[in-house]
Every structure is written in structure tokens, then in C-alpha cells.
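The values are calculated or read from the model by the stated rules, or taken from the named source; none is laboratory data. This one's a predicted model, so the numbers in the text were calculated from it and none came from an experiment. When we count neighbours, we look across all protein chains shown, and the Cβ atoms used for this are built from the backbone with ideal geometry, even at glycine.
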Amino acid sequence: MPENITVREVKKEDNFRLAGLIREVFDEHNAPRQGTVYSDPATDNLSDLFNRDDSLLLVAEVEGQICGCCGIYPTEGLDNDTAELVKYYLHKDFRGMGIGRTLMEKCIEAAKLMGYQKLYIESMPEFSNAVRIYEKQGFRNIGHPLGNSGHTSCSIWMIRDL
């Protein structure tokens, strides 16, 4: 990972830039807007969504520019020992540098420290590169959704034991 990258927790002033980054990645991959985080109202106010002890949203930035994010969240309907790995997005100019892996690994460690036993992920075929990263990190396809994320356009559901 480049030396000039900072990884930190989300702040309120990040909300606008994070929402823009997430939607830009959806547009780049021609991913569905409806039934996804793209149209989820919470995407515009992530600092409030993650303002709880059982969740975390990490932000990567270089020289003040947000380049990626990744978080863990106790999505409604999941077992108490399971959190969802969420908001895993990286700007195209910062891929292949190890930033995404660092964000994900820090989230996995944080989930363990919070006492979670499993991590769940929802994705879609348009994000096949991310799905391969999940597989490398030990996630396995389960073929059906867990919990109630409200993201009905997702068709890939994976889980990993911690």
C-alpha cells in the first residue's frame, strides 16, 4: 500500500464524497441503481448510519482525497454473531495498490474484536472482480440472502467464518 494513504474512521464531512464515490463505482460497472446501495437513502449519510458501537466504516484517503471505503454493519435480520461487510468501494485510480485488501483486512479484524463470529456479503455479477477478492479472503457462496438489507438487486450472497 502506498505510504501516503491514510485509513481512518468515517467523519460527517465525508458523507457527500463517499456517496459520490459509491455511485461512481456503480456507474462505472453499469450496476443496477434500484434495489441497491445506489438508491438507498442511507448512502447520503453514512457517518450517522455507522455511529454505533457494533459497526465501523473505514475510509482510505490520499492527500485529503477519499479513494475507498469498507465497513462492517449488523444488518437487520442477521444472527447476533454475524455482521455484514458493507460499502466496499475503491475509486478506479486506486485499485491494484493493496488499499482495498488493507481496508477489508482491517474490517475483518475489527469484526473479530467486536465479537462477531461470521461476516456476510451481498454482491452482484457486475462486481465480479470484488467477488474474486471475497473468495480470496475466505468467503464462500451460500446461494441465498441472509438478513434484510433491502438490496433486492443483489444475487450473490457469501459468508465467512471469523
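Just a few scattered comments:
- Restricting attention to the stretch 86-103, the residues that are part of a helix (DSSP H, G or I) and closer than 22 Å to residue 149 by Cα add up to 1.
- Unique match (being over 15 Å from residue 25 (Cβ atoms) and more than 12 Å from the chain's Cα centre (by Cα)) among 129, 80: 80
- Scanning the stretch 104-145 for residues that are among the small types (Gly, Ala, Ser) and not in a helix (DSSP H, G or I) yields 115, 123, 138, 143.
- Taking the numbered list (1) among the aliphatic types (A, V, I, L, M); (2) in contact with a strand residue (DSSP E or B) (Cβ under 8 Å, 6 or more places away or on another chain); (3) under 19 Å from residue 31 (Cα atoms) in turn, residue 42 passes all entries but (2).
- Looking only at the stretch 1-52, residues that are farther than 19 Å from residue 125 by Cα, out of contact with any helix residue (DSSP H, G or I) (no Cβ under 7 Å at 6 or more places or on another chain) and free of Cβ contacts under 8 Å to residues at least 60 places away in the same chain come to 14 in all.
- Annotation for the stretch 57-71: no member residue is at pLDDT 95 or above, under 20 Å from residue 8 (Cβ atoms), surrounded by fewer than 23 Cβ atoms within 10 Å (Cβ to Cβ) and small (Gly, Ala, Ser).
- Of the residues examined, residue 30 is one that is of a type in the set (S, T, N, Q), modelled with pLDDT under 95 and out of contact with any Cys (no Cβ under 8 Å at 6 or more places or on another chain).
- With respect to the conditions (1) within 15 Å of the chain's Cα centre (by Cα); (2) among the aliphatic types (A, V, I, L, M); (3) surrounded by fewer than 22 Cβ atoms within 10 Å (Cβ to Cβ), residue 86 lacks only one, and its number is (3).
- Among the residues listed as 8, 95, the single one being modelled with pLDDT of 95 or more and among the basic types (Lys, Arg): 8
- Selected residue (criterion: nearest to residue 60 (Cα to Cα)) from residues of the stretch 109-132 that are crowded, with 18+ Cβ neighbours inside 10 Å and touching a Lys or Arg at 6+ places or on another chain (Cβ under 9 Å): 111
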